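Structure, as structure tokens:
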Amino acid sequence: MADKEKPDVRQLLFENRFLFLLILFFLTLLVGSFIHDYLKLRYIFDLAISDIFIFAIYAIAEKIHKLITTICLAVPMFVSLWTKYFTDLETLSVVGEICGIFFFGYSIYCIANYLLKQREIDRETIFAALVIYMLMAFMWARAYSLLEVLSPGSFGFPEGNVFQNRVVYLYYSFVTITTLGYGDITPLTDKASGLAIVEAIIGQFYLVVLVAWLVGMYISKRQNEAG
């Protein structure tokens, strides 16, 4: 009986992989927002980030070359994420952030390729599209963090908020990609402003193109069903 149930569980997990990944994103944001001020609990946020990397690998690495690529990009990020509790090497942090950026970028590419191959709109297709949006925000958050490490003073923070707080960059990234623009965190250099502009434009273009594509797919499906 146990052997018969295991394939069903794995199949259920794989068929809903983008839903579970989306849930992980939201849980990570919530966890980071509520516990990051407590130094003794920050490892929980890093654990949530690690879970995102692991499950993203599972979601996109259905072929061996994708698995190898994602693991090679994820390992330096993992090392950087957890060794900060024992050492404060800036080089290690920079390498980790760069690999994190490429990891999210490669994940976006793989999921976008999956979407373009779909011929029908289903629940998992929609979740995959939403996951791409989340991945873009997380990728830019890494880029902002890297920029501040390489060029301190690139951003102005309210009440002297320390730049080491990763949640700050996630917050700024989501505010930028959704064009909310609260203005509490401001880019102070041309490089920081350029990154923010590109993220805002790409975020809006993605939503416009995504909505148009989903609507087109839906209309085409309805016409085929009617015919």
Per-residue SASA entry for Asp184, accessible area with 1.4 Å probe, Å² rounded to 10: 60
Fluctuation leader among Gly203, Gly156, Gly32 - the chain, Gaussian network, Cα springs under 10 angstrom: Gly156
Ellipticity estimate at 222 nm from DSSP helix runs (n ≥ 4, -39,500 (n - 2.57)) divided over the chain, nearest 500: -27000 deg cm²/dmol
Proximal charge balance of Gln118 [Cβ under 15 Å; K/R count +1, D/E count -1]: 0
Most fluctuating residue given options Thr28, Thr176, Thr87, as computed from a GNM of the chain linking Cα atoms under 10 Å: Thr87
With all protein chains modelled, accessible area of Leu12 [1.4 Å, Å²]: 100
Solvent-accessible area of Met134 with every protein chain in place, 1.4 Å probe, in Å² to the nearest 10: 10
Of Phe174, Phe86, Phe155, the one that fluctuates the most in a GNM where the chain has Cα springs shorter than 10 Å: Phe86
Exposure rank, largest accessible area first [Ser154, Ser33; 1.4 Å]: Ser33, Ser154
Segment 33-103: C-alpha gyration tensor shape, a/c 1.5 cut-off, then a/b vs b/c: oblate
Mean Kyte hydropathy of -1.0 or more with a Cα span along the axis of at least 30 Å, helices from DSSP in the chain: 90-116, 123-150, 190-226
Surface share of carbon and sulfur [accessible, 1.4 angstrom probe, percent] for the chain: 68
Unit charges at the beta carbon, dipole of segment 83-227: most positive-side option, Phe174, Pro187, Leu146: Phe174
For the chain, the longest site-free run once GluC sites (Glu not before Pro) in DSSP loop states with at most 15 other Cβ atoms within 10 Å are removed: 121-227
Contact order relative to length of segment 1-114, as percent, for alpha carbon pairs under 8 angstrom and 6 or more apart: 20
Heavy-atom surface of the chain, accessible at 1.4 Å and reported per residue (Å²): 57
Length-normalised contact order for the chain - Cα pairs under 8 Å, 6+ apart - percent: 17
Equivalent ellipsoid, the chain (semi-axes from 5 times Cα gyration tensor eigenvalues, Å): 32, 24, 15
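The values are calculated or read from the model by the stated rules, or taken from the named source; none is laboratory data. Just so it is clear, the structure is predicted and the values come from calculations on it, not from any experiment. Cβ: placed from backbone, ideal geometry, glycine included. Neighbour counts: every protein chain shown. These accessible areas exclude ligands, DNA and RNA; they are computed on the full protein's heavy atoms, side chains included. Shrake-Rupley method; radii C 1.70, N 1.55, O 1.52, S 1.80 Å.
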